[in-house]
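Contents: one structure, followed by commentary.
The values are calculated or read from the model by the stated rules, or taken from the named source; none is laboratory data. These numbers were taken from a predicted model, which means no experiment stands behind them. When we count neighbours, we look across all protein chains shown, and the Cβ atoms used for this are built from the backbone with ideal geometry, even at glycine. Quick note on the areas: whole protein, heavy atoms, side chains included, nothing else; ligands and nucleic acids left out. Shrake-Rupley method; radii C 1.70, N 1.55, O 1.52, S 1.80 Å.
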Amino acid sequence: MKKEIKKILVTGSVGQIGSELTLTLRKKYGAENVIATGRKTEPSKELRESGPFHFINVNDPASVEEMIKKYNIDTIIHMAAILSGVGEKNPMLCWDVNMNGTIVILNLAVQYEMARVIIPSSIAVWGPGTPAKAPQETALKPTTMYGVTKVAGELLADYYVKKFGLDSRGLRYPGIISSETMPGGGTTDYAVAIYYEAVKNKHYTCFVNEQTKLPMMYMPDCLKSTMDLMEAPFENLKHHNDFNVGSMSFDVKTLADSIKKYIPEFTINYEPDFRQAIADSWPDDVEDTAAREEWGWKPSYDLDSMTKDMLANLTEKHKKGLI
Ligand code: SER
């Protein structure tokens with residue numbers, strides 16, 4: 001296997017995390033060295049104009065292989081996935097994209113002796129009965145198809161580390177909150193939508209109830225965690241594809257109260273839908289000592305500093321008519 005990260009392929013680059021991660025990687029590794037790819041959704045002008053962009057299908061090995069050969073790729077960051085909400089509406093699509101797409105990436109990574117593969121996991125690996133603060137090592141019994149694919153993806157990637165010596169790494173993202181690209185089809189999406197609606201309409205109708213408490217993270221910390229894990233020395237890692245990463249944890253009422261500090265007229269009401277059961281099956285918080293010890297993980301934002309930043313960014317966008 002190679003060691004050095006020089007030419008990076010990002011799948012799912014048009015998504016919530018992929019879009020910002022690609023731009024961050026381009027700043028660090030050079031615009032021409034980060035190949036952004038997506039399935040169908042048009043990339044933003046910034047993403048398309050800041051470096052190479054191609055449409056591929058991660059379920060079709062030939063279309064991924066074409067990119068690897070064309071650009072001499074040595075690192076794949078596999079962000080393409082179907083999230084929990086869409087996964088419950090269409091479990092077969094979720095299985096197909098998340099499992100078959102992942103094994104395509106892993107097999108090509110072995111074949112082309114990649115320096116590194118990053119495959120994110122999620123708080124969705126846990127299910128009912130998990131302690132409120134999920135330990136690093138605990139039973140993984142999810143009740144969503146998305147969670148099933150994430151558990152299987154972690155195990156599969158760890159198998160490739162052991163069996164083939166592939167340097168694959170992954171972390172269990174909490175709900176990610178950001179002001180650039182909207183998330184699509186997840187359960188934690190309410191924690192992003194609430195900020196957009198607060199700025200645009202001073203009101204939000206939330207699809208989970210006010211006691212719903214989940215682990216969350218602001219995008220700058222998400223990008224930092226991904227880059228830090230990717231760049232950590234392999235010999236320091238005891239875990240590989242299943243790192244817990246904590247940042248903050250709050251219920252919806254606390255989130256709404258944090259927004260009210262800046263927008264006092266903000267109101268919220270609750271109309272829980274099928275995603276309530278998904279949220280209820282996940283833990284409130286995570287215990288992340290392994291990430292802190294093995295690669296120095298340390299988040300920077302808390303709820304109030306995130307709220308201040310989110311509202312400032314979105315108010316600016318709203319003034320420009322962008323949202
Ligand atoms: N944000 C994801 C979801 O809600 C969890 O990883 O599906």
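Restrict the check to region 190-207 and report whether at least one residue is surrounded by 23 or more Cβ atoms within 10 Å (Cβ to Cβ), touching a residue at least 40 places away in the same chain (Cβ under 8 Å) and assigned to a loop (DSSP other than H, G, I, E, B). No - not one qualifying residue is present in region 190-207. Do we find a residue being in contact (Cβ under 8 Å) with a residue 24 or more places away in the chain, open to solvent by 20 Å² or more (accessible area, probe 1.4 Å) and either acidic (Asp, Glu) or more than 16 Å from the ligand (Cβ to nearest atom) (or both) anywhere in region 136-152? No: region 136-152 contains no residue that is in contact (Cβ under 8 Å) with a residue 24 or more places away in the chain, open to solvent by 20 Å² or more (accessible area, probe 1.4 Å) and either acidic (Asp, Glu) or more than 16 Å from the ligand (Cβ to nearest atom) (or both).
Scanning region 217-273 for residues that are in a loop (DSSP other than H, G, I, E, B) and closer than 18 Å to Leu314 by Cα, we see that the one that is least open to solvent (accessible area, probe 1.4 Å) is Phe266. The residue that is surrounded by the fewest Cβ atoms within 10 Å (Cβ to Cβ), among those in region 153-180 that are away from the ligand (no atom under 13 Å from the Cβ) and not in a helix (DSSP H, G or I), is Gly165. Regarding Glu210, is this residue under 30 Å from Tyr270 (Cα atoms), open to solvent by 20 Å² or more (accessible area, probe 1.4 Å) and among the acidic types (Asp, Glu)? Criteria met by Glu210. Residue count for region 124-153 satisfying the condition of being among the β-branched types (Val, Ile, Thr) and within 30 Å of Glu4 (Cα to Cα): 2. In region 269-287, the residues that are among the hydroxyl-bearing types (Ser, Thr, Tyr) form Cβ pairs under 9 Å with partners that are open to solvent by 50 Å² or more (accessible area, probe 1.4 Å) and within 14 Å of the ligand (Cβ to nearest atom), at six or more places apart or across chains, as follows: Ser281/Thr143.
Do the conditions hold for Asn201, that is, is it among the polar types (S, T, N, Q), more than 10 Å from the ligand (Cβ to nearest atom) and in contact with a Pro (Cβ under 8 Å, 6 or more places away or on another chain)? No.
Restricting region 274-294 to residues that are not in a helix (DSSP H, G or I) and not small (Gly, Ala, Ser) leaves a set whose member that is farthest from Met227 (Cα to Cα) is Phe274. Filtered by the rule that a residue be away from the ligand (no atom under 13 Å from the Cβ), polar (S, T, N, Q) and touching a Gly at 6+ places or on another chain (Cβ under 8 Å), region 101-135 gives a lone residue, Thr102.
Quick one: what pairs do we get from region 296-323, first residue touching a residue at least 40 places away in the same chain (Cβ under 8 Å) and open to solvent by less than 70 Å² (accessible area, probe 1.4 Å), second part of a loop (DSSP other than H, G, I, E, B) and hydroxyl-bearing (Ser, Thr, Tyr), C-beta under 6 Å, 6+ apart or different chains? Listed by first residue and then by second, the contacts come to Pro299/Ser247; Met310/Ser179; Leu311/Tyr262; Asn313/Ser179; Leu314/Ser179. On inspection, Gly186 does not qualify as away from the ligand (no atom under 13 Å from the Cβ), in a loop (DSSP other than H, G, I, E, B) and at pLDDT 95 or above. Filtering region 112-135 to residues that are touching a residue at least 60 places away in the same chain (Cβ under 8 Å), under 30 Å from Asn72 (Cβ atoms) and outside any strand (DSSP E or B) leaves Glu113, Met114, Ala115, Ile119, Pro120.
Yes or no, residue by residue, for (1) charged (D, E, K, R); (2) in a helix (DSSP H, G or I); (3) open to solvent by 60 Å² or more (accessible area, probe 1.4 Å):
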{"position": "Ile35", "(1), (2), (3)": "no, no, no"}
{"position": "Leu47", "(1), (2), (3)": "no, yes, no"}
{"position": "Asn57", "(1), (2), (3)": "no, no, no"}
{"position": "Glu65", "(1), (2), (3)": "yes, yes, no"}
{"position": "Ile73", "(1), (2), (3)": "no, no, no"}
{"position": "Ile77", "(1), (2), (3)": "no, no, no"}
{"position": "Asn98", "(1), (2), (3)": "no, yes, no"}
{"position": "Ile105", "(1), (2), (3)": "no, yes, no"}
{"position": "Ala109", "(1), (2), (3)": "no, yes, no"}
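Can you spot a residue in region 87-110 that is closer than 24 Å to Val161 by Cβ and of a type in the set (Ser, Thr, Tyr)? Yes; the residues of region 87-110 include at least one that is closer than 24 Å to Val161 by Cβ and of a type in the set (Ser, Thr, Tyr).
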